[in-house]
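**Student:** Take a look at the following structure, please.
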Amino acid sequence: MRFIPFLLCLILIQSATAQELNCSVSVLSPNATESDRSIYTTLQNNIREFVNNRKWTNDQFLNQERIECSMTITISERVSVDEFKANIQIQSRRPVYRSSYNTPLFNHQDNDFTFRYVQDQVLDFDEANITSNLMAVVGYYAYIVIGLDYDSYSLEGGNPMFIKAQTIVNNCQGLPDRGWKAFESQRNRFWLVENILHAQFKSLRSCQYKYHRLGFDQLADDLTKGRANVLEAIKDLRTAYNNRPNSFALQVFFNAKADEIVSLFSQASGDEKSQLMQVLTLVDPANTLKYNDITGGNK
């Protein structure tokens, strides 16, 4: 009898484990005819079930630990019965310790997205034998999302996930679809994961860890210390910028973080604002007008 409580506890623990992602999936089709809408609804449901039910890692997740993210696919053209042109926007976030706030980790729109799909087809994915660009893109971004989440909790903790994403890139070189090859663009799937894993971007990886774990996760206990750690994390990005100015990975980082940085430092000391602006105007000049709000430059 004394083993019954243990067995019940074990059952409860097992029932509480979950897959890694809690992903909201939307398939939008602003130009769709009424007859097309059924296939887009089915596609949306199939991708959502695939992403959320697949086990992407060997790690154990509790239901409340699942990574919150979203994928929005916007169909621009139905080329044929089973061929589509689209873009896909991926967003992810993670909770901040002892706070109701969720900090954004990834906010990216990929416009090089074509795929084939027939209604009610079974969605399956084997990263070693890729024949579907739809599943390759979805799988690639699933690993990117998980990798960025892991990086925010431990230094370069996302390496296994980024290596998986790079494997997908390597195995997609034979596909006719754009987005996988180095020569097609300086801002595509090839270059994103290449940047992340390259030694020249170690300072970006350290920034991800310090920014979140040593910075934002400390804000509830000590706002001044947490904000100072975020500043030091952002300063790390000067090394990545000096190694490769205007790199894709830096752009992706600031796509997610620019608004949050403005919000956090608008009430900082004058010295912190000055130090921050020196870095931001160097490493992210595209958002200079936005960063002027930190010092009231637009007022």
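**Student:** So what is Rg over Rh here for the chain, counting just Cα atoms and using Kirkwood for Rh?
**Tutor:** Result: Rg/Rh = 1.01.
**Student:** Kindly provide the helix-only [θ] at 222 nm of the chain, computed as the sum of -39,500 (n - 2.57) over DSSP H runs of four or more divided by all residues, to the nearest 500 deg cm²/dmol?
**Tutor:** -14500 deg cm²/dmol
**Student:** Within the set of other residues whose C-beta is less than 12 Å from the C-beta of Glu68, count the net charge using Lys and Arg as +1 and Asp and Glu as -1.
**Tutor:** That sum, taken over residues with Cβ under 12 Å, equals 0.
**Student:** Dipole of the chain (Lys/Arg Cβ +1, Asp/Glu Cβ -1, origin at the Cα centre): which of Ser247, Ala128, Ser26 lies farthest to the positive side?
**Tutor:** Most positive-ward Cα: Ser247.
**Student:** State whether the range 113-211 is rounded, prolate or oblate according to the following rule on the C-alpha gyration tensor (a ≥ b ≥ c being the square roots of its eigenvalues): a/c under 1.5 gives rounded; otherwise a/b larger than b/c gives prolate, and the remaining case gives oblate.
**Tutor:** Taking the square roots of the gyration eigenvalues as a ≥ b ≥ c, the range 113-211 is prolate.
**Student:** Using θ = phi - 60° and the Karplus relation 6.51 cos²θ - 1.76 cosθ + 1.60, list the HN-Hα couplings for the range 246-257 in order, rounded to whole Hz, with x at every Gly or Pro.
**Tutor:** Residue by residue, the range 246-257 yields 6, 5, 5, 4, 5, 4, 5, 4, 6, 4, 7, 10 Hz.
**Student:** Can you list which of the chymotrypsin sites (Phe, Trp or Tyr not before Pro) found in the range 62-101 are DSSP loop residues with at most 15 other C-beta atoms within 10 Å?
**Tutor:** When the chymotrypsin sites (Phe, Trp or Tyr not before Pro) of the range 62-101 are filtered for loop state and at most 15 Cβ neighbours within 10 Å, Tyr97, Tyr101 remain.
**Student:** Further question on the same structure: All other residues with a Cβ under 12 Å from the Cβ of Asn195 taken together, and with Lys, Arg as +1 and Asp, Glu as -1, what is their net charge?
**Tutor:** Taking every other residue near Asn195 into account, the sum is +4.
**Student:** Label points 7 Å out from Cα along the Cβ direction at Ala32 and Arg48: separation in nm?
**Tutor:** Using points 7 Å along Cα→Cβ, the separation is 1.2 nm.
**Student:** Now for a separate question. Once you order the gyration tensor axes a ≥ b ≥ c over the Cα atoms, which shape class does the range 134-174 get: rounded for a/c under 1.5, otherwise prolate or oblate by comparing a/b with b/c?
**Tutor:** In terms of gyration-tensor shape, oblate.
**Student:** Something else now. Hey, what did the chain get for relative contact order, percent, Cα under 8 Å, at least 6 apart?
**Tutor:** Relative contact order of the chain: 12 percent.
**Student:** Give me the percent relative contact order of the range 71-183, please, defined on Cα pairs under 8 angstrom at least 6 residues apart.
**Tutor:** Normalised by residue count, the contact order of the range 71-183 is 20 percent.
**Student:** So who's got an amide H within less than 5 Å of the one on Thr103, skipping anything under 5 residues away but keeping other chains? H placed 1.01 Å off N, in plane.
**Tutor:** Under 5 Å from the amide H of Thr103 lie the amide H atoms of Arg94, Val96, each far enough along the sequence or on another chain.
**Student:** Check Phe113: other-chain or 5+ apart residues with amide H under 5 Å from its amide H, H built from backbone geometry?
**Tutor:** Under 5 Å from the amide H of Phe113: Ala86.
**Student:** So, one more: Tell me, what ³J(HN,Hα) does each residue in the range 223-240 have, in order and in whole Hz, if you take phi through Karplus 6.51 cos²θ - 1.76 cosθ + 1.60 with θ = phi - 60° and put x for Gly and Pro?
**Tutor:** So the Karplus estimates, Gly and Pro as x, are 4, 5, 5, x, 5, 4, 5, 5, 4, 5, 5, 5, 4, 4, 5, 4, 5, 4 Hz.
**Student:** With no solvent and one equal point scatterer placed on each C-alpha of the range 105-170, evaluate the Debye formula and give log10 I(q)/I(0) for q = 0.20, 0.24 Å⁻¹, two decimals.
**Tutor:** Taken in order of the listed q values, log10 I(q)/I(0) reads -0.85, -1.06.
**Student:** Longer than 29 Å from Cα to Cα, which of Lys164/Lys273; Lys181/Lys210; Lys85/Lys210; Lys202/Lys225 are they? Say none if no pair is.
**Tutor:** Over 29 Å Cα-Cα: Lys164/Lys273; Lys181/Lys210; Lys85/Lys210.
**Student:** The range 143-299: percent of C-alpha pairs farther apart than 24 Å?
**Tutor:** 37 percent
**Student:** Through the Karplus equation 6.51 cos²θ - 1.76 cosθ + 1.60, θ set to phi - 60°, convert the phi angles of the range 53-62 into ³J(HN,Hα) values in whole Hz; use x for Gly and Pro.
**Tutor:** Ordered by residue, 3J(HN,Hα) equals 9, 7, 8, 8, 9, 9, 7, 8, 10, 7 Hz.
Every number in this text was worked out from the coordinates using simple rules, so none of it is lab data. Not measured: the values here are computed from a predicted model. Heads up, the Cβs are rebuilt from the backbone with ideal geometry, glycines too, and the neighbour counts pull from every protein chain shown.
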